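What follows is a set of notes on a single structure, which appears directly below.
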Amino acid sequence: MGGDHRLFMRRTGTFTVVCTSGIAVSAVLIQTGCGRETAAIPPAAKRDVDFIKDVQPLFKEHCYKCHGSSRQEGGLRLDRRDDALNGGDGGPIFAAGKSEESKLIKYVAAVDPDVVMPPEGDKLSDEQIGLLRAWIDQGAKWPKD
Ligand code: HEC
C-alpha cells in the first residue's frame with residue numbers, strides 16, 4: 001500500500017504540472033493523456049439534481065467503503081458534510097459551479113487513467129458521472145442534517 005500511495009501522488013503531480021504547462025508541450029500532453037481531458041469527462045445531466053436522492057446513494061454505494069466511518073483513504077470522508085467539504089489530504093475535492101475542474105470528477109472520470117475512483121470494482125457510469133457533475137455545477141448543495 002505504501003508503494004501504491006507514492007506512485008499515486010507522483011503521477012498526480014506529473015499530471016498537474018504537465019497539464020498547466022500549456023500548448024508548447026502538446027506532444028507530451030497527448031502522451032500523458034491530458035489531451036483527452038475534456039473529451040474523457042461525460043457531460044453533466046440536464047435535469048435538476050438532488051443531493052439526498054441522487055448523490056448520497058451513489059457515494060454510499062461506491063465510496064463509503066474507503067471514504068466513510070471506518071476508513072478515510074487519502075484523508076477523505078464522504079459520509080459527513082463538513083468533512084466532505086474540507087476534502088482530503090490534497091484539500092477540497094470539488095468547487096461549486098466548476099465540475100470539470102473538480103478532482104472528484106476527474107478521478108471518477110479517469111481523466112488520468114492511472115488515477116480512478118473507485119480504484120477497484122465497477123467504475124461509475126457516464127450517467128452517474130453526469131449526475132455528480134450536474135450536482136456540482138448546480139451549486140454542490142449539501143444539506144445539513
Ligand atoms: C477501495 C477503496 C476506495 C474506494 C471504494 C474509493 N476510493 Fe477514493 N481513494 C482511495 C485511496 C486509497 C485514496 C488515496 C490515494 C493516494 O493518496 O495515494 C483515495 C483518494 C481519493 C481522492 C483524493 C483525496 C485527496 O485529497 O487526495 C478522491 C477525490 C477520491 N478518493 C474520491 C473517491 C470517490 C468519489 C469514490 C467513490 C466514487 C472513491 N474515492 C472510492 C480508495 C478508494
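The values are calculated or read from the model by the stated rules, or taken from the named source; none is laboratory data. Note that this is a predicted model, so its numbers are computed, not measured. Cβ placement follows ideal geometry from the backbone for every residue including glycine, while neighbour counts extend to all protein chains displayed.
Tabulated data for the structure shown
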read-out	value
Flag for residue 139 being out of contact with any strand residue (DSSP E or B) (no Cβ under 7 Å at 6 or more places or on another chain), more than 12 Å from the ligand (Cβ to nearest atom), at pLDDT 95 or above and outside any helix (DSSP H, G or I)	yes
Subset of the range 102-130 (residues that are surrounded by fewer than 20 Cβ atoms within 10 Å (Cβ to Cβ) and among the aliphatic types (A, V, I, L, M))	110, 115, 116
Test: residue in the range 26-39 that is under 24 Å from residue 143 (Cβ atoms) and either modelled with pLDDT of 95 or more or not assigned by TED's automatic domain parsing to the domain that holds residue 125 (or both)	no
Of all residues in the range 105-145 being over 21 Å from residue 80 (Cβ atoms) and small (Gly, Ala, Ser), the one that is farthest from the chain's Cα centre (by Cα)	121
Residues that are within 14 Å of the ligand (Cβ to nearest atom) and part of a loop (DSSP other than H, G, I, E, B), drawn from the range 105-118	109, 110, 111, 112, 114, 115, 116, 117, 118
Close pairs (6 angstrom Cβ cut-off, 6 or more residues apart or separate chains): without any contact (Cβ under 8 Å) to a residue 24 or more places away in the chain and near the ligand (Cβ under 8 Å from one of its atoms) in the range 84-104, small (Gly, Ala, Ser) and in a helix (DSSP H, G or I) anywhere	88/74; 88/75; 89/74; 89/75
Condition broken by residue 121, with the remaining ones in (1) small (Gly, Ala, Ser); (2) in a loop (DSSP other than H, G, I, E, B); (3) more than 10 Å from the ligand (Cβ to nearest atom) satisfied	(3)
